[in-house]
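Any read-out appearing in this document is the output of simple, stated calculations on the displayed coordinates, not a laboratory observation. In this text, all values refer to a predicted model and were calculated from it rather than measured experimentally. Reconstructed Cβ throughout: ideal geometry from the backbone, glycine too, with neighbour counts over all protein chains shown.
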Amino acid sequence: MRIAIVNDLALAREVLRRVVLSVPGYVVAWTADDGDDAVAKSAADPPDAVLMDLIMPRLNGIEATRQIMQRSPCPVLVVTASVATNYAMACRAMGAGALDAVDTPTFGAGGTVQNAEKLVARLAQLEAALGGNTGSSVIAVMKPASNPADLPPLVLLGASTGGPEALTHVLSVFPKDFPAAVLISQHIGVDFAPGLVQQLATWCRLPVRAAMDGEPPAAGTVHVAVSNDHLELGPDRLLRYTPNPRSSPYRPSVDVLFTSAAAHSSRLGVAALLTGMGRDGAEGLLRLRGAGWHTIAQDDATSVVKDGMPKAAVARGAAVEVLPLPHIGDSVVAKILALKRR
């Protein structure tokens, strides 16, 4: 995997270079000491992934990420001196298209690299995703349990790169008396999931909360996956977190949520697959369409990532509608209200 390093500090670039080269098969594509240089180099020589610093002179990591995702999209992982200290900026970078954020490793005594484990693990997860190892083949489709508890109509939203802003657009349209329960699976690190809940709550008229294991989906409520495990609708019609499929590099997986709803929901609903890198969600959206759900894919023109998750779903014939982002929320509301009138 070819990895680019962007950091204005030479010492940080060197420690990141050593981390990259410590993994067999990883090479440093190039380095840049500011955001402007990173944007130019990404366009001229696209890497497989970018390790992006946040605080740099001239163009900071947030705007550099935004421009890279617009001009030459590729996975961007924020690597900053302290995620806790720079939490707000890291959240903004993920809104611009970054996948996650980790602390920058450091040099210890004798020049040894310390605290690189999380970065190496995140790169391994990313490499698996780039290789298309979704693990979807081991997602089991179970028949509904007998005498199921009744469910409100469900709205399922799945997203990855650029998803926080896309989800904000969609949720902002939902009215206060919206009769559906909304379930969200967004690829995001567990450390940033609470920030996502807060961001969405700011723009949504409905209560937005972290999905809890064992709770029922509630009408007029937005439930957001907040675990490195996958959120699913269980056979008992309760929300559950599951580590399976363990091989899935997408966490939490959109396919797991969509597929579980196709198998276990006692009524039809609406699902939308929003912007994201890779193919997660395409298979699940197809299963939902096959089960009679109304399925929506965001169009390429308004997606942060072109040729990403929504386009993979469209290629499979999984989407009833392909819509620009500003129209998705209205379509979801209209379809849910139509289902309620039946």
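In this model, which of Lys306/Lys340; Lys118/Lys311; Lys176/Lys306; Lys176/Lys311; Lys306/Lys335 are farther than 29 Å apart at the alpha-carbon? Spell out each step's value before the answer.
Numbers: Lys306/Lys340 34 Å; Lys118/Lys311 31 Å; Lys176/Lys306 33 Å; Lys176/Lys311 31 Å; Lys306/Lys335 26 Å.
Where the Cα-Cα span goes over 29 Å, the pairs concerned are Lys306/Lys340; Lys118/Lys311; Lys176/Lys306; Lys176/Lys311.
For the chain, the relative contact order comes to 14 percent (Cα pairs under 8 Å, sequence separation of at least 6). The shape of segment 184-302 comes out rounded: with a ≥ b ≥ c from the C-alpha gyration tensor, a/c is under 1.5. How would segment 2-130 be classified by its alpha-carbon gyration tensor: rounded, prolate or oblate, with rounded meaning a/c under 1.5 and the a/b versus b/c comparison settling the rest? It comes out rounded by the Cα gyration axes. Ranking of Ser260, Ser72 by neighbouring Cβ atoms within 10 Å, starting from the fewest: Ser72, Ser260. Quick one: angle between helix 325-341 and the longest Cα principal axis of the chain, in degrees between 0 and 90, rounded to 10, please. In the chain, helix 325-341 runs at an angle near 20 degrees to the longest axis.
Taking every DSSP beta bridge that has both ends in segment 2-130, the antiparallel portion is near 10%.
Bridges between two residues of the chain, per DSSP, are antiparallel at a rate of about 15%. Basic side chains Lys and Arg get +1 at the Cβ, acidic Asp and Glu get -1 at the Cβ, and with that the dipole of segment 18-69 about its Cα centre reaches some 120 debye. Put a plus charge on the Cβ of each Lys and Arg, a minus charge on the Cβ of each Asp and Glu, and nothing anywhere else: the dipole of the chain about its Cα centre is then about 980 debye.
Using C-alpha pairs under 8 Å with a sequence gap of at least 6, the mean separation divided by the residue count of segment 2-130 gives a relative contact order of 22 percent.
Here Val208, Val113, Val304 are placed in order of increasing Cβ neighbour count within 10 Å, fewest first, which gives Val113, Val208, Val304. In degrees between 0 and 90, to the nearest 10, how far off the longest principal axis of the chain does helix 35-44 point, with axes built from Cα atoms? It works out to around 80 degrees. The listed peptides 161-172, 79-90, ordered by packing as a protection proxy, come out as 161-172, 79-90 (highest mean of other Cβ atoms within 10 Å first).
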